[in-house]
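Notes to accompany the following structure.
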Amino acid sequence: MTARFSRQSFLGSTSESRLRELHVAIVGLGGGGSHIAQQLAHVGIGIFSFFDADKVEDSNLNRLVGATSKDVEEGTSKVEVASRLVRGISAIARVNSMESSWQEASVELRDCDVVIGAVDSFAERDQLERSARRYLQPYIDIGMDVHPCEGGFSITGQVALSLPGRACLHCMGVVRPDLLHQEAQRYGVAGGKPQVIWPNGVLASTAVGLLLSLVSPWHRASHESMLLEYDGNRGELRESAASQMLALVNCPHYAWAEDLGDPWFGRAALR
Ligand SMILES: [Zn+2]
C-alpha cells in the first residue's frame, strides 16, 4: 500500500487496488454530487462517470464544491468542474464526463459498478433506480428538502441504499405515487427549491461511507437495503424505523425477469 493511502489501511490490505478498479457513476453534479465526487477522489476511486447537462450558474455558488466565479462567467459545465476537482486530487483517476442527461448516455451508465444519484425530483430517482435494478447495480440516493414549519424552516433529508433483489425506494417510501403525482402537478413552476451546503455535506459523506462499506471489509455490513433519515434542525442522522423491517421485505416492484437485462440487447441483430 502506498503512503498516500496508509492512513486508511483498515479498509483492507487490497483496498487500494480494489478502489482503483471501481467504476462509480454520479448522476447530478450539483451541491450533493460535487461533494461526493471530491470525497471519492480522496478515497482513491479509480474510474468515474459523471452525468449532468447543466452549466454552472451564479445561484449554484452557495453550495457547488469546486466551482468558482470564473466558471459562472465562462459557463463551465458542472461535469467539467467535478472532473477538474477529481483530477486535481488524484492523478490515477479516469473520468468520463457526460454533459447530458443520464438517459442520453445510458450505455455509459450501464457499465458502472455502483450508481449514486443526487438528483432533484422523485420521478428522476424512480427512473434512475429502475435503470440500476435492470443492470443489477447497487444504487445510493441522497436528497434534501427545506420546508416552512412553525417558527421557521425545517431541513430534512435522506440517504438510501437500494440493493438489487432487496427493498427498493418504493418499499422504503422514498418514492411514492402521491409524491410523484404532486410533483407532476407542480411541474414547470418557476423557482428552484431551497438548497444549502451543510446538509448536503452530511448526506454526501454518509453516502460515501455506505459505498465504502459495500466494497471493503471495514465492518460487518448487513448487505441489506437501508434508509437513513436526516433532521437538519436537530443535527440527527438515524436509521429509519422502517429500515429495520426492510430485511423482511420481499420487494414486489422489481420481481420479474423482464425487469432485468438490456431491453435492446440483440435487437439490431434480429432486424
Ligand atoms: Zn420494492
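The values are calculated or read from the model by the stated rules, or taken from the named source; none is laboratory data. Keep in mind it's a predicted model, so treat the numbers as computed, not measured. A quick note on method: Cβ atoms are made from the backbone with ideal geometry, for glycine too, and the neighbour counts reach across all protein chains shown. Protein only, heavy atoms only, side chains kept; ligands, DNA and RNA dropped before computing areas. Shrake-Rupley method; radii C 1.70, N 1.55, O 1.52, S 1.80 Å.
Per-structure values
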| item | result |
| --- | --- |
| At least 24 Å along the helix axis (C-alpha) and Kyte average at least 1.0, DSSP helices within the chain | 197-215 |
| Inter-site label distance for HIS223 and GLU21 at 7 Å from Cα along Cβ, in nm | 1.8 |
| Sulfur and carbon atoms: percent of accessible area, the chain [1.4 Å] | 53 |
| Simple spin-label estimate for TYR135 and GLN182 in nanometres, 7 Å along Cα-Cβ | 3.2 |
| Solvent-accessible area per residue for the chain (1.4 angstrom probe, square angstrom) | 52 |
| Top positive-direction residue, dipole computed over the chain with Cβ charges, set ASN233, LEU29, VAL56 | LEU29 |
| Net +/- balance of residues flanking PHE5 in space, Cβ distance below 15 Å, scoring K and R +1, D and E -1 | +2 |
| Contact order normalised by residue count of the chain, Cα under 8 Å, 6+ apart, percent | 19 |
| Whole-number percent relative contact order across the stretch 139-196, with pairs defined as alpha carbons under 8 Å at least 6 apart | 33 |
| Size of charge dipole - the stretch 11-63 - debye, nearest 20, with Cβ of Lys, Arg +1 and Asp, Glu -1, no other charges | 180 |
| Angstrom value of the Kirkwood radius, inverse mean 1/r, which spans all Cα pairs in the stretch 68-164 | 15.8 |
| Unit charges on C-beta of K, R, D, E only; dipole of the chain, Debye | 760 |
| Projected-area average for the stretch 1-141 over all orientations - Cα convex hull basis, square nanometres | 8.6 |
| Segment ASP262-SER100, extension gain: residue separation times 0.36 nm, minus the distance between their alpha carbons | 56.2 nm |
| Neighbour-limited loop hits for GluC sites (Glu not before Pro), the stretch 115-196 (at most 11 other Cβ within 10 Å; DSSP other than H, G, I, E, B) | GLU150 |
| Length released on extending from THR156 to ARG87, taking residue separation times 0.36 nm less the Cα-Cα span | 21.6 nm |
| Label point at ASP113 placed 7 Å out along Cα→Cβ; residues across the stretch 28-50 whose backbone nitrogen lies under 11 Å | 45-48 |
| DSSP bridge pairs, the chain: antiparallel proportion in percent, nearest 5 | 55 |
| Reachable aspartates and glutamates, given that their alpha-carbon falls under 20 Å from the alpha-carbon of LYS78 and they are not under 8 places away in the same chain | ASP52, ASP54, GLU57, ASP58, GLU99, GLU104, GLU108, ASP120, GLU124, ASP141 |
| Size of charge dipole - the stretch 116-271 - debye, nearest 20, with Cβ of Lys, Arg +1 and Asp, Glu -1, no other charges | 420 |
| Cα-based Kirkwood hydrodynamic radius, the chain, one decimal, Å | 19.4 |
